[in-house]
Amino acid sequence: KQNGMTVTFDQEYPSTTTDFTPLVQQAKNSGAQVLIVLGLPTTSDDIAKTVKQLGWKPSIECMCGSQVTTLPNWPTLGSATNGVLGTDVAWVTQTFPGMKTLQNFATSRGEKVLPNYDLTAYAILQMLQQGVEGAKSTTQAKIRTWLLSHQVKTAVGTFKLNSNGTTPFNEIITQTSG
């Protein structure tokens, strides 16, 4: 609305929903040209499949609630994922420290897509390692102080923590093709 777009359909659904046909049909019938789903992985998968089954082709289809496009089951959805946008903290083509190592590890486990949780967990461990080495201590308060005052290099990017200890917002948009 703030950017001059008209919201034609805005609907929450119970977490127990397993059949999204009525909701997707309502969204399609509303004339919506963009579908943005802020759902969990299972529901996002089900909605993507339903969009395909109903033959709806919104101009933009984004499964933006969780990093579904990096989960192992995403490729199994086949053509339902074609053109679908998603979000992630990093992508394998980026050359951040440790990205290639992590990609090789995922491939050795038979994963076709590097899962987001691998990236996040590895980046946390990289931060912790740099904090311990930088603070020259395993004391939590000293590590925190060091991390708050230094830039860290991780598999998801190079950044400096916010003053409250959180990471700065860091998302990329992905699109599935083929």
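The values are calculated or read from the model by the stated rules, or taken from the named source; none is laboratory data. All of these numbers come straight from a predicted model, not from anything done at the bench. So basically every Cβ, Gly included, is an ideal-geometry build from the backbone, and we count neighbours across all protein chains shown. In case anyone asks, the SASA skips ligands and DNA or RNA and just uses the protein heavy atoms, side chains included. Shrake-Rupley method; radii C 1.70, N 1.55, O 1.52, S 1.80 Å.
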Solvent-accessible area per residue for the chain (1.4 angstrom probe, square angstrom):
61 Å²
GNM, the chain, Cα, under 10 Å: largest mean-square fluctuation among GLY131, GLY83, GLY110?
GLY110
Express the carbon and sulfur contribution to the solvent-accessible surface of the stretch 55-160 as a percent, rounded to the nearest whole number, probe 1.4 angstrom.
58 percent
Evaluate the relative contact order of the chain (contact order divided by residue number), counting alpha-carbon pairs under 8 angstrom at least 6 apart; express in whole percent.
19 percent
Rg and Dmax of the stretch 1-102 over Cα atoms: what are they, in angstrom?
15.0, 47
Of the GluC sites (Glu not before Pro) in the stretch 94-178, which ones lie in a loop per DSSP and count no more than 14 other C-beta atoms within 10 Å?
GLU171
Calculated from backbone phi, Karplus (6.51, -1.76, 1.60) coupling profile of the stretch 65-71 in Hz, x at Gly/Pro:
x, 8, 7, 5, 5, 10, 7
Taking θ = phi - 60°, what integer Hz values does the Karplus form 6.51 cos²θ - 1.76 cosθ + 1.60 yield along the stretch 72-89, in sequence order, with x for Gly and Pro?
x, 7, 4, x, 6, 7, x, 5, 5, 9, 4, x, 6, 8, x, 10, 7, 8
Per residue of the chain, what 222 nm ellipticity follows from adding -39500 (n - 2.57) for every DSSP H run with n ≥ 4, rounded to the nearest 500?
-11000 deg cm²/dmol
Quick check on the chain: what does the Kirkwood estimate of hydrodynamic radius come out to from the alpha carbon pairs, in Å?
18.4 Å
Kirkwood Rh in Å, taken over the stretch 100-177 so that all alpha-carbon pairs contribute:
13.9 Å
Loop-located trypsin sites (Lys or Arg not before Pro) in the stretch 73-162, at most 16 other Cβ atoms within 10 Å (DSSP)
ARG109, LYS112, LYS136
Set LYS100/LYS153; LYS1/LYS28; LYS28/LYS49; LYS1/LYS49; LYS136/LYS160 screened for pairs whose C-alpha atoms are more than 25 Å apart
LYS1/LYS49
